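Take a look at the structure set out below.
The numbers here are math on the coordinates, done by the rules we state, and not lab data. All values derive from a computational prediction rather than experimental measurement. All Cβ positions, even for glycine, are placed from backbone atoms using ideal geometry, and neighbour counts span all protein chains on display.
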Amino acid sequence: MDVYEAIKNRRSIRRYKDEEVPKSVLKKCVNAARLSPSGANKQPLKFITVTEKLETVFEHTNWAGYLDWDPTEEEMPRAYIAIIKKIDTGLKTDAGIAANNICLTALNEGIGSCILGAIDKEELEEILPVPNNYELELMVALGYPAEDPQVIESEEKVEYYHKNGQLHVPKRPLDKVWIER
Ligand SMILES: Cc1cc2nc3c(=O)[nH]c(=O)nc-3n(C[C@H](O)[C@H](O)[C@H](O)COP(=O)(O)O)c2cc1C
């Protein structure tokens, strides 16, 4: 898939099919994260893939803050990649960049994703094998998509919403964010 097309097509997916994410895809995602840009090339991140006890992780995630809605257990992610960072090393922004590389790599394999920042960090750090000198930055949820969100152009509105069962995601129009001089 062309990179620009992938960037345009990627949407956060919050409903997933009951189908496993192949280990080969998780490996590609972690490799794409490993190769991400890194401030001062400190490379402070490690990546934990999770494919078992998914319900336990799901309990400590929070979804679609603008909606009075959560995915059901049937719709929950079929894998996660936890992005952990060595404490006091490198830049926090590295995690976001790596997360997006994961999302785009997954999309190219037909897998949907959602970056999760609203997570119960302390609880997840207990559940996941996070080394002592590392902290959890972000989770990326993964799975085959069971929804097809749609972008709508909107200058002011940022809150996404369901319409006829489909998620509508406002994005600011190009001419409202592009400043030329
Ligand atoms: C750093 C970060 C944290 C996010 N955390 C969550 C989250 O905890 N739960 C969730 O449902 N979506 C989360 N999202 C997804 C955003 O809500 C989503 O990117 C936004 O609504 C735009 O939709 P799009 O990704 O489909 O373009 C997060 C996105 C980013 C970049």
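Report Rg/Rh for the chain, rounded to two decimals, where Rg is the Cα radius of gyration and Rh the Kirkwood radius. Taking Rh as the inverse mean 1/r over Cα pairs, Rg/Rh reads 0.97.
Once you keep just the Cα pairs under 8 angstrom separated by 6 or more residues, what percentage relative contact order results for the stretch 3-147? Could you put the intermediate results ahead of the total?
Details: 275 pairs, mean separation 55.9, N = 145.
Averaging sequence separation for qualifying contacts and normalising by length gives 39 percent for the stretch 3-147.
Work out how much length Tyr66 to Ile7 would gain on full extension: take 0.36 nm times their residue separation and subtract the Cα-Cα distance, in nm to one decimal.
Result for the pair: 18.9 nm of gain on full extension.
For Val169, the residues whose modelled amide H falls within less than 5 Å of its own, excluding neighbours fewer than 5 places apart on the same chain, are Gln150, Val151, Ile152. Separation of the stretch 97-163 and the stretch 1-41, taken as the distance between their Cα centroids, equals 10 angstrom. Its DSSP H runs of at least 4 residues, each contributing -39,500 (n - 2.57), put the calculated 222 nm mean residue ellipticity of the chain at -8000 deg cm²/dmol, to the nearest 500.
For the listed peptides 57-69, 152-164, a ranking on the average number of other beta carbons within 10 Å per residue, highest first, reads 57-69, 152-164.
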